[in-house]
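Below is one structure, written out as structure tokens; comments come after it.
The values are calculated or read from the model by the stated rules, or taken from the named source; none is laboratory data. Quantities reported herein were computed from a predicted structural model and do not represent experimental measurements. Here the Cβ positions follow ideal geometry from the backbone for every residue, glycine too, while neighbour counts run over all protein chains shown. Surface accessibility is based on the protein's heavy atoms, side chains included, excluding ligands, DNA and RNA. Shrake-Rupley method; radii C 1.70, N 1.55, O 1.52, S 1.80 Å.
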Amino acid sequence: MGQERLEGRIPGEKNDPELERPKALVRKGEAVHSGDEFSVKSLTRMEALVNVYQSMMKHGDPRIQGYPLMGSPLLMTSILLTYVYFVLSLGPRIMANRKPFQLRGFMVVYNFSLVALSLYIVYEFLMSGWLSSYTWRCDPVDFSNNPEALRMVRVAWLFLFSKFIELMDTVIFILRKKDGQVTFLHVFHHSVLPWSWWWGVRIAPGGMGSFHAMVNSSVHVIMYLYYGLSALGPVAQPYLWWKKHMTAIQLIQFVLVSLHISQYYFMPSCNYQYPVIIHLIWMYGTIFFVLFSNFWYHSYTKGKRLPRVVQQNGAPGTAKVKAN
């Protein structure tokens, strides 16, 4: 009994196992508790992402939901992820011990087909509002079902779909073993931008946000015309003197896009429905203008050498594109 008093226990009381747990077990319990907190935070973040996704899909334009690729972002995301995996890993490994393909005939057909498609897209953008009802300043999206508005929906989807066709640009590089042209900027342009364009077309097909798509398609008419002629071989070389102006054309594109979209920030009021799209387009135009200006400076001014050809994706390359 005296010993029990010395130990601070009531005489006759049994030892409490909870009070006598080893310190190691206590620390283990604390770790489990911390793990539970981490799991709760992770679930909370996932729930927030799901809520954002559901909110964005809720704002989707029902007129375009039935178009190919537009029902859900899962299919287009899978295509773009497969593209990135192929061009950065699988494709180079497949071609490692193989001779490069020439693909001249395919490239001629491919490039001139994209010239025709890009021309058609530009024409449809013009006839869907830019030459009729649009003011070229603050132009909200027309969500009605009138013929002109539905025509804009169709060409907005066609523009997006053309970007998935243009993934073939990089596949051609891989099959021809032109790996030096598969730069970060090239892959970024072909993967991340189509992914963001999908959301723009899904939510707001048309309005002032479609100006950059029309300008981009206009530039692609010139670019793919060059690549089509280049694929013809030596017979077309005398007609390719204007290749040194390709980067300048790209710079003009980004200037036009940035100037047009910047009007939004100086207007007293503008009822364009989704300002976030305006901000993204402004960032796109500004960032790519800086990237291309840096390319121009190092290639043509500082380097004092002949201009390098712009890649088919609209991004500057690190090597010349050969005629074959």
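At a glance:
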read-out: Considering residues of region 98-132 that are at pLDDT 95 or above and among the polar types (S, T, N, Q) only, the residue nearest to the chain's Cα centre (by Cα); value: SER118
read-out: Condition check for ASN97: among the polar types (S, T, N, Q), more than 30 Å from ILE277 (Cβ to Cβ) and without any contact (Cβ under 8 Å) to a residue 24 or more places away in the chain; value: yes
read-out: Some residue of region 226-243 being closer than 20 Å to ALA156 by Cα, open to solvent by less than 80 Å² (accessible area, probe 1.4 Å) and either of a type in the set (Ser, Thr, Tyr) or under 24 Å from the mean Cα position of the chain (by Cα) (or both); value: no
read-out: Output for region 171-188, where each listed residue is in contact with a Gly (Cβ under 8 Å, 6 or more places away or on another chain) and open to solvent by 20 Å² or more (accessible area, probe 1.4 Å); value: VAL171, LEU175, GLY180, THR183
read-out: Residue check, GLY71 surrounded by fewer than 16 Cβ atoms within 10 Å (Cβ to Cβ), among the small types (Gly, Ala, Ser) and assigned to a loop (DSSP other than H, G, I, E, B); value: yes
read-out: Scan of region 100-148 for residues that are farther than 25 Å from GLY180 by Cβ, open to solvent by 30 Å² or more (accessible area, probe 1.4 Å), among the small types (Gly, Ala, Ser) and not in a loop (DSSP other than H, G, I, E, B), ordered by number; value: SER113, ALA116
read-out: Unique residue being closer than 19 Å to VAL122 by Cβ, of a type in the set (Val, Ile, Thr) and in a helix (DSSP H, G or I) when the list is VAL171, VAL153, VAL192, VAL187; value: VAL153
